[in-house]
Amino acid sequence: GFLLINTEKPPLNDVRVRRALAYATDRQAFVDLVGAGVDDIADSPWGPDSKWHPDTKALEYDPAKAKKLIDEYEAETGNKVKITLGTTPSPDGRPNSELIADQWKKAGIDVELTYTEQAQFITDALMGKYDVNFWRQFGSPDPDGDSVWWFSKNADPPLSLNFARYRNPEVDKALMAARATNNFEERKKQYGIVAKIFNKDVPYIWLDHAVWGIAWRDGVESVIEWKLPDGKAGLPDFTGAYSVSQIWLNR
């Protein structure tokens, strides 16, 4: 879970404003509200239990730094920072957005809240018709599966799979370097570079990693330990989903 930022749209095309939003976001308060303190606070696309988890930190909550950056931007440009924060009209959409809006307002940011049905919400992201949106993504077991969302070439309009419209040749270079080798340590190093650049340039404000669970009763076998046709172990749990092809009932 994170806040998706349209990095092409003023004033969000200025990194100072994006960093201000990050400094103004209290992720701990968000996790306490949304997940009753259960979800993990995010610093990157990869959670603390992931083998891909990098050595990096997101910008910490600091409303004073946020306000300083906003004041600096407004004094330099003469423009008031006004942000539209969007989400879907789900049961938790309103309290989530109101919490973040209240945090941002403390840093002197003018925030307008919008609620859009899911189908249009995704279309608007593809078209770049948004400022900042609540978003959930980047759950591929292998980071290369998520690279399509990060390559600069995919930020081109009108339909951009790189929803943040964020272009950085160093990110592209690291993604290609990770793709060019099977060495795990080298690949993890390259994705760590990507994560650190993200935390510097802030196309995303990381919020939380959802904790997924699967429940079943005694006697149901091979829910987690199942095998692929070549005999290798299948994924035990991928975003709350699992394979049913080899599940059997032990009576």
Task: Nearby aspartates and glutamates by direct alpha-carbon distance to LYS105 (threshold 18 angstrom, same-chain neighbours under 8 apart not counted) - done: ASP26, GLU60, ASP62, ASP71, GLU72, GLU74, ASP131
Open item on the list: Apply the a/c threshold of 1.5 to the C-alpha gyration tensor of the range 1-122 and tell me whether it is rounded, prolate or oblate.
Closed with: oblate
Task: For the range 98-143 versus the range 2-59, the gap between their alpha-carbon centres in whole angstrom - done: 12
Open item on the list: Suppose R0 equals 25 Å. What FRET efficiency, 1/(1 + (r/R0)^6) with r the Cβ-Cβ distance, do THR84 and LYS200 give to the nearest 0.05?
Closed with: 0.55
TODO: Write out the GluC sites (Glu not before Pro) in the range 168-246 meeting two conditions: DSSP loop, and at most 12 other Cβ atoms within 10 Å of their Cβ.
DONE: GLU225
Open item on the list: Quick check: residue separation of LEU126 and VAL15 times 0.36 nm, minus the Cα distance between them. What number comes out in nm?
Closed with: 37.8 nm
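Keeping all protein chains in place, calculate the accessible area per residue for the chain (probe 1.4 angstrom), answer in Å².
Normalised by residue count, the accessible surface of the chain is 52 Å².
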Task: Total lysine pairs under 23 Å (Cα atoms) in the range 118-251, excluding pairs fewer than 8 apart on one chain - done: 14
Open item on the list: How far apart, in nanometres, would the label points at ALA177 and ASP32 be if each is projected 7 angstrom from Cα along the Cα-to-Cβ direction?
Closed with: 4.0
Task: Length gained when the stretch SER222-ALA64 is fully extended (0.36 nm per residue, less Cα-Cα span) - done: 51.7 nm
Task: Chain lengthening between TYR115 and LEU159 when straightened (0.36 nm per residue, less Cα-Cα) - done: 13.7 nm
Task: Among beta bridges that DSSP assigns inside the chain, antiparallel share in %, nearest 5 - done: 60
Task: FRET E, pair GLU185, LEU235, Förster distance 25 Å, beta-carbon r, rounded to 0.05 - done: 0.70
Open item on the list: Under the rule a/c < 1.5 gives rounded, and otherwise a/b versus b/c splits prolate from oblate, where does the range 191-230 land using the Cα gyration tensor?
Closed with: oblate
Open item on the list: Can you compute the FRET efficiency between SER140 and ASN250 using 1/(1 + (r/R0)^6), with r the Cβ-Cβ distance and R0 = 41 Å? Round to the nearest 0.05.
Closed with: 0.80
Open item on the list: Taking a ≥ b ≥ c as the square roots of the Cα gyration tensor eigenvalues, with a/c under 1.5 meaning rounded and otherwise prolate when a/b beats b/c, else oblate, which class fits the range 66-132?
Closed with: oblate
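Could you order ASP230, ASP26, ASP32 by accessible surface area, starting with the largest, using a probe radius of 1.4 Å?
Ranking ASP230, ASP26, ASP32 by accessible area, largest first, yields ASP230, ASP32, ASP26.
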Task: Carbon and sulfur %, accessible surface of the chain computed with the full protein complex present, 1.4 Å - done: 52
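The values are calculated or read from the model by the stated rules, or taken from the named source; none is laboratory data. Because the structure is a prediction, the values reported are computed rather than measured. Note: ideal-geometry Cβ built from the backbone for every residue, glycine included; neighbour counts use all protein chains shown. Accessible surface areas use protein heavy atoms only, side chains included; no ligands, DNA or RNA. Shrake-Rupley method; radii C 1.70, N 1.55, O 1.52, S 1.80 Å.
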